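So the structure is just underneath, and the comments pick up after that.
Nothing in this text is a laboratory measurement; each read-out follows from the coordinates by a stated rule. Computed from a predicted structure; not experimentally measured. Cβ: placed from backbone, ideal geometry, glycine included. Neighbour counts: every protein chain shown.
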Amino acid sequence: MKNQKNILIAFILNLTFAVIEIAGGILTGSIAIASDAVHDLGDSLSIGVSYIFERKSRRNPDDKYTYGYARYSVLGGGVTLLVLFLGSIVVIYRAIMRFFHPEIIDYSGMMVFAVIGLLVNLLAAIVTSHGKTVGQRAVNLHMLEDVLGWAVVLIGAVVMRFTDWAFLDPAMSIAVAVFILINAIKGMKEILDIFLERTPNGINVDEIKRRLCEIDGVDSAHHIHVRSLDGNVNYATMHIVHSGAAAEIKRLVREELSEHGILHATLELEEVGEVCDEFCCRLPKAEHACRHHHHH
């Protein structure tokens, strides 16, 4: 529950700050701050969505969502990352335009805002840094982006105050935006993998098959499916052909699976010689059976 509350705190900090910022942009005439305010407003909205989804993801399974609601957290992460992704592209575009049309800015006012911005977002980043789920990590990336963004504004304002390197502002903005873009893309890939039911990272199905075959009384294992619900919890289903005591076999198989990070497994047990009617079992491949190498 703590992480969820942290997202709420981040949301409130961000929203309050976006409002202060809009005023700041108008006062200092800095388009950097004004546009950042709009960006922050978008940020806080996406964090709000994340918060709602994160809360929903805590619900227990019911008749409508028999697998539970965990993926809402993943979806919330997707929304957050999408906003970051689009935001970064806009920032890069605007920064490039800025190279061609530098603007006059009140640097001292900009510094004051940058300091406030840095502190507020640093607080939010620390608050959200312990997130475990994909959604929570996305919110943290967000906060980190804001911290870097403000650090850039601050350094830029200080340097530009004493030199006339106006190009520094857009150059540093681009650097931050590219960093965020790369991380957002990585996060998006992780989320897509979950929705496409890709075998979770660090799980090797062949290796699991091999280990299961070494259990006494297990003849073969097929139809192995491993999926992750939210990037943290792994589920598996499989058929085990056996010639031993069913209860004992189930216990041993579950034990082996938990060593591979699979804590929820649905096992279908078949006697040796029983015909498995599933389509893929009827394929003319006789290599389901374990090549038995029990050294007696």
All positions within the range 204-229 that are touching a His at 6+ places or on another chain (Cβ under 6 Å) and under 13 Å from G261 (Cβ atoms): I208
Take R210 and decide whether it is of a type in the set (K, R) and either surrounded by fewer than 16 Cβ atoms within 10 Å (Cβ to Cβ) or over 28 Å from the mean Cα position of the chain (by Cα) (or both). yes
Per the filter on the range 215-230, residues more than 36 Å from the chain's Cα centre (by Cα), assigned to a loop (DSSP other than H, G, I, E, B) and among the charged types (D, E, K, R) are D216
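Please pick out the residue among A175, A184 that is surrounded by fewer than 20 Cβ atoms within 10 Å (Cβ to Cβ) and closer than 18 Å to I89 by Cα.
Numbers: A184 fails: surrounded by fewer than 20 Cβ atoms within 10 Å (Cβ to Cβ).
Exactly one of A175, A184 is surrounded by fewer than 20 Cβ atoms within 10 Å (Cβ to Cβ) and closer than 18 Å to I89 by Cα, namely A175.
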Could you list, in sequence order, all residues of the range 228-264 that are surrounded by fewer than 18 Cβ atoms within 10 Å (Cβ to Cβ) and either of a type in the set (G, A, S) or within 25 Å of G78 (Cβ to Cβ) (or both)? N232, V233, Y235, S243, G244, A245, A246, A247, S258, G261, L263, H264
Across the range 130-170, which residue is surrounded by the most Cβ atoms within 10 Å (Cβ to Cβ) among those that are outside any helix (DSSP H, G or I), hydrophobic (A, V, I, L, M, F, W, C) and in contact (Cβ under 8 Å) with a residue 24 or more places away in the chain? A166
